Amino acid sequence: MLNNGNTLRTALRINLTDPSSSLLGNVGDKSRSKFYQFSLSNRSSLTLTLSRLKANADIELLDFSGQRLQQSRNPRRRDESIGSSLNSGVYYIRVFTGNNRTKTRYQLTVASADLVPATQTPIVSPSPIPVPIPVPIPTPTPVPIPTPTTVPAPTPTPAPSPDSIGGVAATGGTAP
């Protein structure tokens with residue numbers, strides 16, 4: 001089946017890799033509607049603009065099931081515009097002619113930008129928030145453990161020799 005964008009099932013895909021994409025198209029000749037599909041990977045702000053109209057055309061933003069979220073239905077050849085903040089997901093754009101089947105050319109511009117998640121929004125306060133200063137916990141001073149020392153053994157004093165008893169040296173003779 002030809003992917004011509006005339007129904008929700010055959011919606012033409014828009015790749016939103018650039019902050020803004022413009023497409024030229026026409027509606028009203030064979031079908032009153034042209035559908036486009038796009039995906040958002042993050043919460044984003046979205047702006048849709050339908051311009052350069054040769055006859056009246058309108059625009060709708062649809063959710064993944066085709067339910068209308070927003071629309072712009074200005075009279076005659078006035079530009080159409082939709083602005084919205086959307087969660088991540090799949091969405092559709094419907095460009096269509098009014099009650100008449102007047103053929104018209106158009107330029108569809110789709111612009112998106114990721115929104116900062118609420119958890120990452122910086123907190124601004126008029127005065128600085130005091131930060132508690134940690135109190136250092138004293139570390140105990142280690143008690144020195146005595147190191148065993150070796151005591152030198154006493155030097156033995158020589159035992160008196162029998163020859164030196166009484167302070168008189170014996171001579172090699174006989175005693176009277």
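For region 1-115, pairs of C-alpha atoms spaced more than 18 angstrom apart make up 45 percent of the total. Partner aspartates and glutamates whose Cα lies under 14 Å from the Cα of Lys54, excluding those fewer than 8 positions away in the same chain, are identified as Asp29, Asp79, Glu80. Shape analysis of region 71-115 places it in the prolate category; the axes a ≥ b ≥ c from the Cα gyration tensor give an a/c of at least 1.5, with a/b above b/c. Counting Lys and Arg as +1 and Asp and Glu as -1 over every other residue whose Cβ lies under 11 Å from the Cβ of Leu62, the net charge comes to 0.
Every number here is computed from the coordinates shown, using simple stated rules; none is lab data. In this text the structure is predicted, and so the values were computed from the model without any measurement. Note that each Cβ is placed from the backbone with ideal geometry, even for glycine, and that neighbours are counted across all protein chains shown.
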